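None of the figures in this text is laboratory data; all of them are computed from the coordinates on show. Just so it is clear, the structure is predicted and the values come from calculations on it, not from any experiment. Please note: Cβ atoms are built from the backbone with ideal geometry, for glycine as well, and neighbour counts cover all protein chains shown.
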Amino acid sequence: MLKAAYWTMGALSLIIAAIQLRFLFLPLPLASPDMVHHVADIAPVFWVHVIAAAWAMAAGVPQFSVRVRTAHPRIHRWTGRTYVAAVLLGGLSGLGLALNANGGFVTQSGFSLLAVCWLIATGMALRHVLAGRYADHRIWMIRSYALTFAAVTLRLQVPIWVNLLETDYTGVLPIIAWACWVPNLIVAEWLIARRRSLPVPQTAGHA
C-alpha cells in the first residue's frame, strides 16, 4: 500500500512540476490568468518561485526511494542538496507571493505559514543529516515533502472547491491557502508515528 502511495505521489509531483514550467513557454494570461497580478507587482519573486518549486517537487521524489538511497547514495546526496536549495529559494519567494496574495488576511496568513513551515522543516532535515542523525533526518524530510506536495494538493483541490462553492479561483483562496497543506501535515504525522512504531537503524548514505 505504501509503495503504491509512493509511486502515486511521485507521478503526481512530476506531472505538476512539468505543468508548472508552462509559465516559461506560454504568455502568463494564457498560462494562468489568476497569477497576472503577481508578475505585475513582483515579477522576479514569481519567476524564482515557479522554477524553485518545480525543482523541489521533482528533486524530492528520489529522496524517498530506498533503492536510490542504498544503491546510489551519490544521487541521493546530490538531489538532496539541490532539493534544500530549491526549498530555500521557493520558500522565501513563496513568502513574498503570500504577502501579495489575493483573498485578504486569511489567504495571506495561510500561504505565509506554509512558506515558513516549509523552510523550517527542510532546515531541520538538513541539520539532522549534517549531525549524522539519519532517522531524525527522515522524519523531517517527510514533513518537508508533505509541504512541498502542497503544490499538488492545491491544484487538485481548486476545481473541487470552485464547483462546490460556485465561485472562481480568488473566491476559494481563503480555503485553499490552508487546505492545500494542513491535511498533508496530518498525513505526514501519521506516517511518522507509524515509522516510530518500527525500529529504524541509524545508517549512513544520506545527504
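Just a few scattered comments:
- Paramagnetic reach from Leu156 (point 7 Å along Cα→Cβ, amide N under 20 Å) across region 42-85: 53-65
- If only the Cβ of Lys and Arg carry +1 and only the Cβ of Asp and Glu carry -1, the dipole of the chain around its Cα centre is close to 1200 debye.
- Taking the three principal axes of the alpha carbon atoms in region 59-150, the coordinate ranges are 48, 20, 16 Å, sorted in descending order.
- Out of every Cα-Cα pair that region 102-166 contains, those further apart than 19 angstrom amount to 47 percent.
- Working from Cα pairs under 8 Å separated by at least six residues, relative contact order for region 52-172 is 20 percent.
- Helix runs (DSSP H) in the chain reaching 24 Å along axis by Cα, Kyte-Doolittle at least -0.5: 2-20, 36-60, 73-98, 104-130
- Relative contact order of the chain, defined on C-alpha pairs under 8 angstrom at six or more residues apart (%): 21 percent
- Taking all Cα-Cα distances within the chain, those exceeding 23 Å account for 44%.
- As a rough guide to protection, the peptides 163-172, 76-85 ranked by mean Cβ packing within 10 Å, highest first, stand as 76-85, 163-172.
- Taking 0.36 nm per residue of separation and subtracting the current Cα-Cα distance, fully stretching the chain between Leu14 and Glu166 would add 51.8 nm.
- Positive dipole terminus of the chain, leading residue within Ile186, Ile51, Pro174 (C-beta point charges): Ile186
- Selected from Ala71, Leu14, Leu119, residue furthest toward positive end of dipole (the chain; charges at beta carbon): Ala71
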